[in-house]
Amino acid sequence: MNPADFTEEKNGRLIKTQRDYWAFLPNPLPPQLTLSWDLVNQLSEADRALSELAGTARTLPNPHLLIGPFIRREAVLSSRIEGTQASLSDLLFFEASGSVDPKAPDAREVANYVKAMEYGLVRLKKFPLSLRFIREVHEHLMADVRGEHLTPGEFRRSQNWIGPDRCTLMDATYVPPPVEEMEQALDQFEAYLHAPSTVPLLIRLAAIHYQFEAIHPFLDGNGRIGRLLITLLLCKEGALPEPLLYLSAYFERYRNEYYRLLLAVSQSGKWIDWISFFLRGVAEQSRDALVRSDRLLQLWKNYRSEFQSARSSALQLRLVDQLFAYPAITANQAAKLLKVTHRSAQLNIEKLIRKGILKEATGKQRNRVFIAPQIVKIIEATHAS
């Protein structure tokens with residue numbers, strides 16, 4: 001890391017280590033900010049979009065039906081930022097079948113993101129957001145995947161760094177604080193999480209996300225944990241009744257700007273540029289989530305209306321509901337869900353195939369996986385509208 005890249009306005013201090021490389025220790029939160037009218041307007045727009053999404057979530061007949069697809073979209077895109085290559089269909093196939101498609105070896109990593117998010121959402125109902133909580137979520141994220149040897153659930157005990165492939169500590173783009181300073185920074189970070197604040201929530205979230213990435217407390221998985229914390233905090237603070245807002249699609253779309261602006265806070269103290277970018281993401285993704293929620297809800301109503309008018313069995317309605325919670329299924333899973341025989345489950349699946357609601361995804365005669373293509377299409381679309 002080159003200390004010449006850091007200006008007098010840098011957000012912290014440079015540390016020359018005994019091994020003769022430079023590292024950076026960010027200042028404790030909160031930063032001292034002067035908000036411009038432009039930023040205040042952006043904050044109002046983001047708050048308004050988020051409030052509208054929260055209002056919609058409260059009026060959904062069953063918001064739990066939509067949570068699963070949204071979490072899985074986030075898992076795919078957050079993991080993609082880190083170079084993981086797996087589509088939503090790859091993830092669904094892995095979760096339904098329990099086996100990894102050789103063409104999509106990264107699916108297990110993406111599935112772990114789903115598990116980490118689901119664990120965090122449940123855990124936060126009883127447990128405070130804390131360093132212990134963050135370590136627990138990290139343990140779920142990194143279990144049984146590449147990087148598992150990098151101490152899942154434990155903060156690092158050695159130096160890490162950020163930069164191009166095969167770069168060293170000396171030529172890294174950014175070197176987080178050494179372990180001793182990292183531990184102090186984490187204690188201050190946790191204290192900020194628990195401290196009462198008059199700072200608007202979205203500005204706090206932008207600052208918290210930067211701070212976590214700047215400290216970089218794990219040997220692997222920092223970016224995914226940092227992005228996961230955004231949604232968990234929104235739910236914990238009551239800004240969202242259900243986890244429907246995720247920023248990874250926005251961060252992935254503007255990946256270079258995302259990394260550049262985070263680094264610029266450290267190097268030059270450019271908090272306002274980063275916060276502006278973050279608020280724009282909240283507004284964009286809130287509107288995107290509104291449109292996707294509406295399209296999924298309309299599709300759900302259409303499916304249910306079709307089956308109710310045809311006087312179909314309650315089993316098929318339950319199967320349709322399950323597909324909106326999780327848009328892939330096997331005959332064994334359907335039999336367990338519906339509490340029927342394997343043969344009866346297969347017959348109900350075939351009825352949904354004839355209506356175009358399900359499609360067989362493996363091309364096999366045994367151990368087949370069925371995916372709901374119209375639901376997947378809504379979730380996978382780059383833009384909701």
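The values are calculated or read from the model by the stated rules, or taken from the named source; none is laboratory data. Just so we're clear, the structure is a prediction, and the values are computed from it rather than from any experiment. Using ideal geometry, Cβ is built from the backbone for each residue, glycine included, and neighbour counts are taken over all protein chains shown.
If you take the residues of the range 136-189 that are at negative phi and among the hydroxyl-bearing types (Ser, Thr, Tyr), which of them is modelled with the lowest pLDDT? Among those residues, the one meeting the criterion is THR168.
Does ALA23 meet the test of being more than 27 Å from PRO177 (Cβ to Cβ) and assigned by TED's automatic domain parsing to the domain that holds TRP271? Criteria not met by ALA23.
Considering only residues that are outside any loop (DSSP other than H, G, I, E, B), of a type in the set (A, V, I, L, M) and without any contact (Cβ under 8 Å) to a residue 24 or more places away in the chain, which ones fall in the range 292-344? Of everything in the range 292-344, those that are outside any loop (DSSP other than H, G, I, E, B), of a type in the set (A, V, I, L, M) and without any contact (Cβ under 8 Å) to a residue 24 or more places away in the chain turn out to be ALA314, LEU317, ALA334, ALA335, LEU337, LEU338. For the range 211-225, a residue qualifies if it is touching a strand residue (DSSP E or B) at 6+ places or on another chain (Cβ under 8 Å) and in a helix (DSSP H, G or I), and the qualifying residues are GLN211, ALA214, ILE215.
Just one of the listed residues (ILE349, ILE357) is outside any helix (DSSP H, G or I), at pLDDT 90 or above, among the β-branched types (Val, Ile, Thr) and more than 25 Å from the chain's Cα centre (by Cα), namely ILE357. Taken over the range 168-198, the criterion of being farther than 20 Å from SER266 by Cβ and over 26 Å from the mean Cα position of the chain (by Cα) is satisfied by THR198 alone. The number of residues in the range 4-26 being in a helix (DSSP H, G or I) and surrounded by 13 or more Cβ atoms within 10 Å (Cβ to Cβ) comes to 1. Apart from one condition, GLY281 fits all of (1) under 23 Å from LEU35 (Cα atoms); (2) of a type outside the set (A, V, I, L, M); (3) touching a residue at least 40 places away in the same chain (Cβ under 8 Å); the exception is (3). I'd like to know if the range 207-214 contains one or more residues that are in contact (Cβ under 8 Å) with a residue 40 or more places away in the chain, of a type in the set (Gly, Ala, Ser), farther than 19 Å from ILE134 by Cβ and in the same structural domain as MET117 (by TED's automatic domain parsing). No, the range 207-214 contains no residue that is in contact (Cβ under 8 Å) with a residue 40 or more places away in the chain, of a type in the set (Gly, Ala, Ser), farther than 19 Å from ILE134 by Cβ and in the same structural domain as MET117 (by TED's automatic domain parsing).
Annotation note: Cβ proximity below 7 Å between a residue of the range 180-205 that is over 16 Å from HIS216 (Cα atoms) and a residue that is among the basic types (Lys, Arg) (sequence gap 6+ or interchain) occurs for SER197/ARG204. For LEU315, the conditions (1) among the hydrophobic types (A, V, I, L, M, F, W, C); (2) closer than 28 Å to PHE251 by Cα; (3) modelled with pLDDT under 90 are fulfilled apart from (2). Only residues that are surrounded by fewer than 15 Cβ atoms within 10 Å (Cβ to Cβ), among the small types (Gly, Ala, Ser) and in a helix (DSSP H, G or I) were counted in the range 115-171, giving 0.
If the condition is being assigned to a helix (DSSP H, G or I) and surrounded by fewer than 19 Cβ atoms within 10 Å (Cβ to Cβ), then the range 247-262 contributes GLU252, ARG253, ARG255, ASN256, GLU257, TYR259, ARG260.
Okay, residues lined up against (1) crowded, with 21+ Cβ neighbours inside 10 Å; (2) within 30 Å of GLN211 (Cβ to Cβ); (3) among the acidic types (Asp, Glu):
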| residue | (1), (2), (3) |
| --- | --- |
| GLN285 | yes, yes, no |
| TRP300 | no, no, no |
| GLN316 | yes, no, no |
| PHE324 | yes, no, no |
| LEU347 | no, no, no |
| LYS351 | no, no, no |
| ARG354 | no, no, no |
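I'm trying to understand the selection: among the residues of the range 46-67, which are charged (D, E, K, R) and either under 18 Å from GLN267 (Cβ atoms) or surrounded by 16 or more Cβ atoms within 10 Å (Cβ to Cβ) (or both)? Scanning the range 46-67 gives a single hit, ASP47.
Anything in the range 226-246 that is part of a loop (DSSP other than H, G, I, E, B) and in contact (Cβ under 8 Å) with a residue 12 or more places away in the chain? List them, or say none. Residues satisfying the conditions are GLU237, ALA239, LEU240, PRO241, GLU242, PRO243, LEU244, LEU245, TYR246.
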